[in-house]
Amino acid sequence: NIKGFAFDMDGVLADTAKFHSIAWRQIAEEVGTTWTPELAENLKGIDRMGSLDLILTTGGMADEYDLAAREALATKKNDNYRNLISELTPDDALPGMREFLAELKAAGYKMSIASASKNAGFIVDRLGISDYFEAIVDPASVAAGKPDPAIFKAAADVLNLAPEEVIGLEDSGAGIQSINGAGEMSVGIGDADALSDADILFASTKDVTLANIKANWPK
Ligand code: BG6
Ligand code: MG
């Protein structure tokens, strides 16, 4: 019996995945890693230092950057990213998601956020949707980032719900692994190949409604 929803933020609620990509692409070009659509897709959902590690590993230069050099690159990426999101407004919510949140609230479901981003609180405030959520899980408080199940488990815990009572929504393959590993029902939004393990798949946030989810509700 579903009682709550756990949301990823970047690429699900907020149209900010494109800004992460722009900022990471700059770092990839600076260190000399070729930017490909595959790398862009694989970076989705991965935390800041994990993303940098993937960029360095993809370019075959993980050994060349010590912790101090990595921290400098991660800070540079975040400064560029913060610049890109500094003007976010409520219009930067993805199409249909504000309506979906209102629909869930009216129907009495509880909601939380399971984002890998340390910028989640800022973005949710800028979109004007913070009142919908009981809690935003602090990504620094979980033992391991997506694809590990810890963050989506925590997102059910903060709602005082069991994982079987929660639906998780994600735009990344790593996030779908996290939801499935936590024992929640997974809704993927976006690329069918990257999200092939999702229980329910939508091509766009515009298609995400309670009726469309219930139509696919596993019996
Ligand atoms: C995830 C994004 O939500 O947050 C990733 O999908 C990003 O692209 C990660 O790297 C961490 O974000 P931040 O804002 O803490 O660097
Ligand atoms: Mg995402």
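Of Lys76, Lys118, Lys153, which residue is under 16 Å from the mean Cα position of the chain (by Cα), open to solvent by 60 Å² or more (accessible area, probe 1.4 Å) and more than 16 Å from ligand 2 (Cβ to nearest atom)? Break it down stepwise before answering.
Values: Lys76 fails: under 16 Å from the mean Cα position of the chain (by Cα); Lys118 fails: more than 16 Å from ligand 2 (Cβ to nearest atom).
Within the list Lys76, Lys118, Lys153, the selection yields Lys153.
Looking only at segment 1-36, how many residues end up being open to solvent by 10 Å² or more (accessible area, probe 1.4 Å), within 20 Å of Ile189 (Cβ to Cβ) and more than 16 Å from ligand 2 (Cβ to nearest atom)?
The total comes to 1.
Has segment 99-109 got any residue that is within 15 Å of ligand 1 (Cβ to nearest atom) and surrounded by 15 or more Cβ atoms within 10 Å (Cβ to Cβ)? Explain how you work it out, then say what you get.
Residues of segment 99-109 that are within 15 Å of ligand 1 (Cβ to nearest atom), as a first pass: none.
No: segment 99-109 contains no residue that is within 15 Å of ligand 1 (Cβ to nearest atom) and surrounded by 15 or more Cβ atoms within 10 Å (Cβ to Cβ).
With the requirement that a residue be assigned to a loop (DSSP other than H, G, I, E, B) and in contact with a strand residue (DSSP E or B) (Cβ under 9 Å, 6 or more places away or on another chain), what does segment 133-168 give you?
First pass over segment 133-168, keeping only residues assigned to a loop (DSSP other than H, G, I, E, B): 133-134, 137-138, 142-149, 158-162.
Selection gives Phe133, Glu134, Val137, Lys146, Val158, Leu159, Asn160, Leu161.
In this structure, does Asn83 turn out to be assigned to a helix (DSSP H, G or I), loosely packed, with under 13 Cβ neighbours inside 10 Å, more than 16 Å from ligand 2 (Cβ to nearest atom) and polar (S, T, N, Q)?
Numbers: assigned to a helix (DSSP H, G or I): yes; loosely packed, with under 13 Cβ neighbours inside 10 Å: yes; more than 16 Å from ligand 2 (Cβ to nearest atom): yes; polar (S, T, N, Q): yes.
So Asn83 fits the description; yes.
Could you list, in sequence order, all residues of segment 37-57 that are of a type in the set (A, V, I, L, M), open to solvent by less than 20 Å² (accessible area, probe 1.4 Å) and either closer than 23 Å to Ala140 by Cβ or more than 13 Å from ligand 1 (Cβ to nearest atom) (or both)?
The answer is Leu43, Leu52, Ile55, Leu56.
For segment 102-122, give me the residue count where each residue is in a helix (DSSP H, G or I), touching a strand residue (DSSP E or B) at 6+ places or on another chain (Cβ under 7 Å) and closer than 18 Å to Phe5 by Cβ.
Just the residues of segment 102-122 that are in a helix (DSSP H, G or I), to begin with: 102-106, 120-122.
After this cut, where a residue has to be touching a strand residue (DSSP E or B) at 6+ places or on another chain (Cβ under 7 Å) as well, the list is 104, 120-121.
Next cut, closer than 18 Å to Phe5 by Cβ only: 104, 120.
Number satisfying all stated conditions: 2.
Here are the criteria: (1) of a type outside the set (Phe, Trp, Tyr); (2) in contact with a helix residue (DSSP H, G or I) (Cβ under 9 Å, 6 or more places away or on another chain); (3) on the phi > 0 side of the Ramachandran plot; (4) surrounded by fewer than 14 Cβ atoms within 10 Å (Cβ to Cβ). Tell me which single one Gly60 does not satisfy.
Only one criterion is unmet by Gly60, namely (2).
Going by the conditions given, is Ile136 open to solvent by 40 Å² or more (accessible area, probe 1.4 Å), closer than 26 Å to Ala203 by Cα and among the β-branched types (Val, Ile, Thr)?
Yes; evaluated as a whole, the condition is true for this residue.
Taking segment 175-196, which residues are open to solvent by 20 Å² or more (accessible area, probe 1.4 Å) and either within 14 Å of ligand 1 (Cβ to nearest atom) or over 24 Å from His20 (Cα atoms) (or both)?
Going through segment 175-196, the residues open to solvent by 20 Å² or more (accessible area, probe 1.4 Å) turn out to be 177, 180-181, 183, 185, 190-194, 196.
Hits for segment 175-196 are Gln177, Asn180, Gly181, Gly183, Met185, Gly190, Asp191, Ala194.
The values are calculated or read from the model by the stated rules, or taken from the named source; none is laboratory data. Bear in mind that the values here come from a model prediction, so they are computed numbers and not experimental data. Neighbour counts run over all protein chains shown; Cβ positions are idealised from the backbone, glycine included. The area values use the complete protein model at the heavy-atom level, side chains included, leaving out ligands, DNA and RNA. Shrake-Rupley method; radii C 1.70, N 1.55, O 1.52, S 1.80 Å.
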